[in-house]
Every structure is written in C-alpha cells, then in structure tokens.
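Contents: one structure, followed by commentary.
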Amino acid sequence: ALTRPTTLFEEPIIICFPDGRLRLINAYVLILAQSHLLSLVYQVEQNRRQLAESLERIGRELSSSLSLKKVTKRILKELFKVVTYERGLVMLQQDNYLHVLAKRGFPAGFTREDLSIPIRPTEDDIFNRIVARNEPIRIGDVLTYTSWSQLDRLPLNHSWLGVPLVLRERVIGMISLTRAEQNAFNEDDETLVLAFASQAAVALENARLYDEITQFNEHLETMVQQRTVELNQTNALLARLDKTKSDFINVSAHELRTPITVISGYAQMLKGLQPIQENDTAVSIVSGIMSGIERLHNIVNSMLDIAKIDNNTLHLHREAVDLTEQLNTICLNLEADAQARQIELDCSQLPPLPAVTADPDLLGKLFRGIIINGLKYTPDGGRVEISGRALMDTTPNYVEIAIRDTGIGIAAENLELIFEKFFQTGELLVHSSGQTKFKGGGPGLGLAIAKGIVQAHNGKIWAASAGYDEERLPGSTFFVRLPI
C-alpha cells in the first residue's frame, strides 16, 4: 500500500510491504551489496596485479640498457604509461643543485641547464624538504607556494608532484611531474610514482656506474695509446742509437786494425835486431809493446765479433766438435794464468760427451771467454770447475756445460744484464784492465759475444748465483746448452 501524509507534500512516499516481502527485499539488497563489494575487491586486486605487472615490465625495460642517457629518457617514457603528466624531469643531486638528466614535454629552446634547480637550506624550500626528509610532495596549485619559482618563458602548470629517487636510504635525485589543471595528481598517483622511482633509482645507479667504468676505460685506452706511441718513438730512437753504436764499433775496429798491424810488424822487427836482443831492458820494453799489441788486437777482434752479431753476419763453419777435448785444451792453455793467482782450474769432472755440430773456433772463443770471466771474478786461492752432461730426454737433445767459480757472485738484478754489450760491474772510475786480473775490467763484450755465439748455434746460455758478496763469496755458475 502507498500512503502520503496529507499535511506535508514534501515528505517521501511511504511504501508498506507485508512482512514476508520485506524480508525478501532485504535479502536481495544484501546480495546486491555483497556482489558490489566483491566486484570492488576484484577490481582492486586486478589493479594491484596490473600495477605489479607494469612495474615488473618497467623494471625490465629500465634494466635493458646501461647507457645513462638512454635510461633517463626511458624513465620518463615508461612513467607516462603509469601516471599521466604534461611535463617531466629526471634530476640528480650534485652538491646544492638538482641537475637535469632528462626532460619530456618542455617547449623547444629549454636546455637542461635552464631547468636545474638550486636546493636552499630553508624550511619552506620544496626541494630541500624532498631531499632532506626523503618524502614526496604533491601540490594542487603551485601559486599557493610563496617559495615556488616559475620560469618566465615556461607556461604555468598548476599541479606538481615531486618524488625522491632513493638508493640505499640516500636521496640521489628527484622525479618532477606537472599538469596544467589544479589538483590533477592524487594519492594513488603518488603511490604509483613512488613505486616506479625505487626501480628507476636502481637503474640510474647501474647506468651511472657503467658510465663511469666506460669513461675510465676510454681514458685508460687513451693513456695506453699515448704511452704506446711514446714507447714506439723511444724504441725507434733506441734502435737508431744502437745501430749508430754498432756502426761506430765496426768502423772503429777496422780503422784500428791497420795501425795495430803496422805497430806489430815494427815490434817484430825490433825484437829480431841484434842490439835489442843483447839488451835485457830493451827486450823487456819490446815484450811489453808486443803484449799490449796482442791485448789491443783481441779487443779489436771482439769489437768486430759483436758487430757481426748485431748485424746477423756471424757465419758458422760447422763440423763435429768434441767438447770434452776442446774444454781440456782451453783449461791447459789457461793453467799458467790460474796458477799465477793460486786458482785451481779443474776440468777433471768432464765426462766423455757426445759431439756437437758447431763452429769450433767460435765455441773455443765462447768457452775461453766464460772461463776467463770465472778466473777474473774469483779471488786468489779460489776454484773454477768445468763439468758437463748430455741431456738425452729433451727434444732436441742437448749437451750442457756448467762453469762454476767460488768468486764474488752476481747480484740478482744483473743476472741478465751481464750478457748485454758494454755492461760493467763496479765503478768505471776504478776500472782496471787485465785478462785474468782479479776484478780486472775489459770492454764489456765477452759475455755479449758468448750469448751471440750460443744463439747462433740455437743454444741457450744463462747464469745463476746466490748474490753478490765479496766476503761470503757465493760464487756463480754459467750454463751453456748446445743442441746435439
């Protein structure tokens, strides 16, 4: 039944239902309410799932590139799919400024430098609050903020949303979004941008680190290229200097050879004269001249040998060489020099060795030079021992000769340098010459020639020593390996 009060026409119409129908209506309304509630819950769940999927997709998109420039542009592009905005900025904090890394929606003519924002350490400064407090700020109308600074050339957008970029609990920058109408951003937008910003901060940091590594690698590569050019220039200069030195040695040796031959001839003539032979003093003088000529002749020959080695013109006349016999002969020839200084020169440890195919004259010069070197750096009363063995379990097979002395030894840093031409141990100011005199110097070519001869025979030469010590006398050992 429908009834309407007769006094007040403004009152609603009263509908009366029997009790049974009223219960049915109440049940129906309850069902409608529950259905609507379930629909809302489902919609919320759908929105939550879509948001999670969007954030996951956006995270993949942001992580797909490590270029800082690409990542910052992609942040604004992907953010637009989540929250609608008209103008957007990605900014990083540096000192007291927020510097723009990327912009979107701004009129032409605005540079990133134009849009950089100073951070003022005041309570009412919007950007200081975001950075200092690590909290987003949503403004319905920027004109209500007295501290807002509007660029003259930029059209006014009333709504603004600023969200911090946080990495490891530290604010590294900010995302700035604007729209023209007032109160355009709501709490849901703020939540969405916050969720997006957390992924964007990680992507930015990864891109920044990659950018730093790339710049460092480019800088390092540039430095390496510069050093390589400098090194090549230095090597070219050293090569020219070395060639000049080799040419000088070669020319000097040939120029010295002629006067040495003339002096030697006249000395031989003087030695044969009857008056000279009858005068002991004159005989001694002539003998000294001839000894000096022989010494100078050996030096010139060494200079010619090193020139041939440098120019790869050391020609070998190969034949079968019995090293045991050759080394015994050298020891016999140097026995007098060794006895003069009470040095024991021992070749008794040499076993019969396989013959090697080599140049006998060059091998003689090689081993004689090394043995003389051992005598020279062994104090009086010491010992120089020559031993050998055949290495038949190598490819190719080798004969190894070891020349050991009980001398002053060799410093570790000089074990390779001693084979360089003109290398000298000790002070040049106290240089003294002599073939077997203790620590007697020379031109510094003997071991360099030895190395060149061994290499020409496809062999190996090296030295071993416990160090340099003139009191402990650790000694040295020179090893020579020649292929059989």
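The values are calculated or read from the model by the stated rules, or taken from the named source; none is laboratory data. From a predicted model like this one, the values you see are computed outputs, not experimental measurements. Cβ coordinates were reconstructed from backbone atoms using ideal geometry, including for glycine residues, and neighbour counts include every protein chain displayed.
Couple of notes before you dig in:
- Given (1) aliphatic (A, V, I, L, M); (2) within 29 Å of His317 (Cβ to Cβ); (3) at pLDDT below 95, number of the condition Ile386 does not satisfy: (3)
- Pair list, Cβ < 6 Å and 6+ apart or interchain, from the stretch 309-334 residues that are part of a helix (DSSP H, G or I) to residues that are among the charged types (D, E, K, R): Ile330/Arg368
- Residues considered: Arg87, Arg120, Arg129. Of these, the only one that is closer than 22 Å to Leu156 by Cβ, basic (Lys, Arg) and touching a residue at least 60 places away in the same chain (Cβ under 8 Å) is Arg87.
- Restricting attention to the stretch 234-286, the residues that are in contact (Cβ under 8 Å) with a residue 12 or more places away in the chain and among the hydroxyl-bearing types (Ser, Thr, Tyr) add up to 3.
- Within the stretch 149-164, the only residue that satisfies the criterion of being surrounded by 14 or more Cβ atoms within 10 Å (Cβ to Cβ) and at pLDDT below 90 is Leu154.
- Residue match in the stretch 41-51 (condition: over 28 Å from Leu209 (Cα atoms), at pLDDT 80 or above, over 49 Å from the mean Cα position of the chain (by Cα) and of a type in the set (Lys, Arg)): no
- Members of the stretch 121-139 found to be within 16 Å of Glu169 (Cβ to Cβ) and assigned to a helix (DSSP H, G or I), listed by number: Ile130, Val131, Ala132, Arg133
- Of everything in the stretch 384-401 that is buried (at least 17 other Cβ atoms within 10 Å of the Cβ) and out of contact with any Gly (no Cβ under 6 Å at 6 or more places or on another chain), the residue that is farthest from Phe367 (Cα to Cα) is Tyr398.
- In summary, Thr84 fulfils each of the numbered conditions (1) among the β-branched types (Val, Ile, Thr); (2) at pLDDT 80 or above; (3) within 41 Å of the chain's Cα centre (by Cα); (4) over 22 Å from Glu212 (Cα atoms) with the single exception of condition (3).
- Some residue of the stretch 95-107 being surrounded by fewer than 17 Cβ atoms within 10 Å (Cβ to Cβ) and at pLDDT below 80: no
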